[in-house]
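Here the structure comes first, spelled out in structure tokens, and everything after it is commentary.
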Amino acid sequence: MEAQLLFDAKATLGEGPVWDAKSQTLYWIDILEKRIYAGEKVIAQLDKFIGCLSLRPNGTLLTALSGGDELSSFVDLRVGSSQQSVLATVSESANTRFNDGKCDPAGRFIVGSMDINEKDPIGSVYSFNGKQVTKLFGGVTISNGLTWSPDRKTFYYIDTPTRKVQAFDYDLTTGQIANPRVAIRIADTLGWPDGMTSDADGNLWIALWGGAQVTKWNPNTGQLLEQIPVPALQTSSCIFGGKDMNELYVTSARKGMSQADLQKYPLSGGLFKVETKVTGMPTFEFIPR
Ligand code: CA
């Protein structure tokens with residue numbers, strides 16, 4: 001297996017891939033350039049940092065935006081129109097911003113935040129159900145990598161500097177988490193765990209920042225099952241898509257790279273695709289309750 005370049009986007013911080021099965025479209029974002037892409041096309045240029053987005057059955061996008069002040073917000077926006085509505089706000093330190101997030105299988109939007117200086121555990125993880133925002137936990141430095149097991153009973157989570165994947169029991173009815181434990185420890189030599197998704201076999205696919213690869217892991221044994229090289233050093237996130245849900249779409253970034261690294265990995269910031277032999281978990285939409 002190898003990663004093929006789909007689009008040489010030269011993104012500063014390509015992230016947050018989301019697969020829309022209805023339109024067979026990959027949405028993704030450039031957090032620092034404040035852009036939303038559909039495939040190769042920029043469909044929205046925002047005035048705030050976008051941490052992540054989710055699709056809605058009505059065709060609008062739910063976004064997590066932060067603007068360099070103490071309020072971050074969940075904003076509903078319609079592509080191609082200036083129509084934006086703030087659905088909820090979260091008050092945090094001005095030194096944090098929203099980062100990775102996605103909808104749980106019941107349609108809640110789970111979004112974490114991070115220290116913009118990437119040093120202190122001042123970030124948190126929130127669950128938004130359309131009515132209220134619940135803080136699931138705090139004390140995280142760079143909130144990333146969230147996904148669920150195929151039976152929807154386990155939530156997997158990454159705080160990047162810990163180099164660990166944590167597992168929690170997940171109650172899909174209430175959205176509550178319990179029983180945190182370490183599922184996977186990632187060796188220093190591999191890179192930093194960033195975005196993550198899961199497949200129908202229950203294995204986890206993790207993009208490794210600084211590691212030029214996506215990796216497949218068994219969360220029950222903690223074992224590394226597969227390494228797929230990506231010709232971009234800062235491999236940031238991944239999601240399954242395609243007609244048969246076997247294509248892994250991989251985002252990357254140019255942020256934090258030396259001139260020498262950029263010469264070695266000129267496709268950094270690109271969007272890539274890996275044809276796998278597994279079926280991926282779908283992207284869940286936002287269903288307010
Ligand atoms: Ca990330």
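Screening LYS216, LYS255 for residues that are among the basic types (Lys, Arg) and away from the ligand (no atom under 15 Å from the Cβ) leaves exactly one candidate, LYS216. Hey, does region 41-58 have a residue that's over 25 Å from ARG108 (Cβ atoms) and among the aliphatic types (A, V, I, L, M)? Scanning region 41-58, I find at least one residue that is over 25 Å from ARG108 (Cβ atoms) and among the aliphatic types (A, V, I, L, M), so the answer is yes.
Of all residue pairs spaced 6 or more apart or on separate chains, those with beta-carbon atoms under 8 Å, a first member in region 181-193 that is on the phi > 0 side of the Ramachandran plot and a second member that is not in a helix (DSSP H, G or I) are GLY191/LEU208; GLY191/TRP209; GLY191/GLY210; GLY191/GLY211; GLY191/ALA212; GLY191/GLN213; GLY191/THR235.
Restricting attention to region 240-270, the residues that are over 15 Å from the mean Cα position of the chain (by Cα) and assigned to a strand (DSSP E or B) add up to 1.
Residues checked against (1) part of a strand (DSSP E or B); (2) out of contact with any helix residue (DSSP H, G or I) (no Cβ under 7 Å at 6 or more places or on another chain); (3) in contact (Cβ under 8 Å) with a residue 24 or more places away in the chain; (4) exposed (fewer than 14 other Cβ atoms within 10 Å of the Cβ):
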| position | (1), (2), (3), (4) |
| --- | --- |
| THR174 | no, yes, no, yes |
| ASN179 | yes, yes, no, yes |
| GLY195 | yes, yes, yes, no |
| ILE206 | yes, yes, yes, no |
| THR221 | no, yes, no, yes |
| THR235 | yes, yes, yes, no |
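For region 243-250, state whether one or more residues are surrounded by fewer than 23 Cβ atoms within 10 Å (Cβ to Cβ), in contact with a Lys or Arg (Cβ under 9 Å, 6 or more places away or on another chain) and acidic (Asp, Glu). For region 243-250, residues surrounded by fewer than 23 Cβ atoms within 10 Å (Cβ to Cβ), in contact with a Lys or Arg (Cβ under 9 Å, 6 or more places away or on another chain) and acidic (Asp, Glu): present.
Scanning region 139-154 for residues that are open to solvent by less than 10 Å² (accessible area, probe 1.4 Å), among the hydrophobic types (A, V, I, L, M, F, W, C) and within 16 Å of the ligand (Cβ to nearest atom) yields VAL140, LEU146.
When region 46-71 is filtered for residues that are within 16 Å of the ligand (Cβ to nearest atom) and among the small types (Gly, Ala, Ser), the ones remaining, listed by number, are GLY51, SER54, ALA64, SER66. Listed by first and then second residue, the pairs with beta-carbon distance under 7 Å, at least 6 apart or on different chains, first residue in region 1-22 and away from the ligand (no atom under 16 Å from the Cβ), second β-branched (Val, Ile, Thr) and not in a strand (DSSP E or B), are MET1/THR276; ALA3/VAL230; TRP19/THR283. Does ILE43 satisfy the condition of being within 16 Å of the ligand (Cβ to nearest atom) and either more than 27 Å from ASP199 (Cβ to Cβ) or hydrophobic (A, V, I, L, M, F, W, C) (or both)? Taking the combined requirement at face value, the residue does not satisfy it. For region 181-193, filtered to residues that are open to solvent by less than 10 Å² (accessible area, probe 1.4 Å) and assigned to a strand (DSSP E or B), the residue that is farthest from TRP28 (Cα to Cα) is ILE184. Please go through (1) more than 21 Å from THR160 (Cα to Cα); (2) in a strand (DSSP E or B); (3) touching a Cys at 6+ places or on another chain (Cβ under 9 Å) for LYS273 and return the number of the only condition it doesn't satisfy. Going through the list (1) more than 21 Å from THR160 (Cα to Cα); (2) in a strand (DSSP E or B); (3) touching a Cys at 6+ places or on another chain (Cβ under 9 Å), LYS273 breaks only (3).
Of all residues in region 155-165 being in a strand (DSSP E or B) and within 16 Å of the ligand (Cβ to nearest atom), which is surrounded by the fewest Cβ atoms within 10 Å (Cβ to Cβ)? This residue is LYS164. Within region 23-40, the residues that satisfy the criterion of being open to solvent by 30 Å² or more (accessible area, probe 1.4 Å) and within 16 Å of the ligand (Cβ to nearest atom) are TYR27, LEU32, GLU33, LYS34, ARG35. Checked against (1) away from the ligand (no atom under 16 Å from the Cβ); (2) open to solvent by 30 Å² or more (accessible area, probe 1.4 Å), TYR170 passes all but a single condition, namely (2).
Counting only strands (runs of 3 or more DSSP E) that sit completely within region 41-130, those holding 1 or more residues that are surrounded by fewer than 18 Cβ atoms within 10 Å (Cβ to Cβ) correspond to 41-45, 71-77, 84-91.
The values are calculated or read from the model by the stated rules, or taken from the named source; none is laboratory data. These numbers were taken from a predicted model, which means no experiment stands behind them. We place every Cβ from the backbone using ideal geometry, glycine too, and count neighbours over all the protein chains shown. The accessibility values were calculated without ligands, DNA or RNA, using every heavy atom of the protein model including side chains. Shrake-Rupley method; radii C 1.70, N 1.55, O 1.52, S 1.80 Å.
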